[in-house]
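Contents: one structure, followed by commentary.
The values are calculated or read from the model by the stated rules, or taken from the named source; none is laboratory data. A quick note: this is a predicted structure, and the numbers were derived from the prediction, not measured. As a convention, Cβ positions derive from the backbone with ideal geometry for all residues, glycine included, and neighbour counts pool all protein chains shown. For accessibility, only protein heavy atoms count, side chains too; no ligands or nucleic acids. Shrake-Rupley method; radii C 1.70, N 1.55, O 1.52, S 1.80 Å.
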Amino acid sequence: MTARRILVMIPTYQERENIDRVLDRLFTAVPYAHALVVDDGSPDGTGDLVADRAVGDARVHLLRRSHKAGLGPAYLAAMAWGLERDYDLLVELDADGSHPPEVLPAMISALDGPSRPGLVIGSRWVDGGSVVNWPKSREVLSRAGNGYARLALGIPVRDATAGFRVYRSELLRRLALSTVDSHGYCFQVDMTLRTLDAGAGVVEVPIEFREREFGESKMDRGIVVEAMRRVTRWGIERRILRRHRRA
């Protein structure tokens, strides 16, 4: 496992209170990983804090962007950066502390399981997974959204909206990332669907998802609406395609 070059991609906007804690936990769990923080011009100085840390730690990298452009574009920029530098595994990790970096070694090990998956998801909604400090309304929304995605798209993944992930770089090179235009949390559904359509396996590893202690959640109604609209469209398109193939 230590022979692999691992890049952990961490999008940030207004995460000055959290980013040092997340990086400390990450490097304790996986000391040989590198971290790329993609900062969307945070006015609280998140990018400057990371830049200062990078001076003394070669594992820390910073990609600055001029303005807040959304989760999907941030990860796509990070993926392009990592693929250009030939990292073997690319990891998605939230900056707010909700994803437990301590589970990352188990997720990386799952890539070597019998199915040789292209993607491993840290999942809230498989056996052993859980959420902490979430209001019941948000849990119901997440479960219902994932259930709808599963039914509409005909996919077996229970937490397709999850943002804690490990991708094989060879899979990402096959996914035509330049055609991805999802911006919110439906970016995760989009990437899950593309992974399955590429014939790559997906494995879910249970995690305890813990709500952030500092800062404000980036979830809003627009993100939910975008996800529902796109999943519905993708589901209809897939059904039409299947009918044409049968015909």
Sort through ASP86, ASP24 and tell me the only one that's surrounded by fewer than 23 Cβ atoms within 10 Å (Cβ to Cβ) and either without any contact (Cβ under 8 Å) to a residue 12 or more places away in the chain or touching a helix residue (DSSP H, G or I) at 6+ places or on another chain (Cβ under 6 Å) (or both).
-> ASP24
Scan (1) in contact (Cβ under 8 Å) with a residue 24 or more places away in the chain; (2) exposed (fewer than 13 other Cβ atoms within 10 Å of the Cβ); (3) among the hydroxyl-bearing types (Ser, Thr, Tyr) for the single condition THR179 breaks and write down its number.
-> (1)
Considering only the range 140-160, state which residues are in contact (Cβ under 8 Å) with a residue 60 or more places away in the chain and open to solvent by less than 10 Å² (accessible area, probe 1.4 Å).
-> ALA149, LEU153
Among VAL126, VAL189, VAL131, which is out of contact with any Cys (no Cβ under 6 Å at 6 or more places or on another chain) and surrounded by 19 or more Cβ atoms within 10 Å (Cβ to Cβ)?
-> VAL189
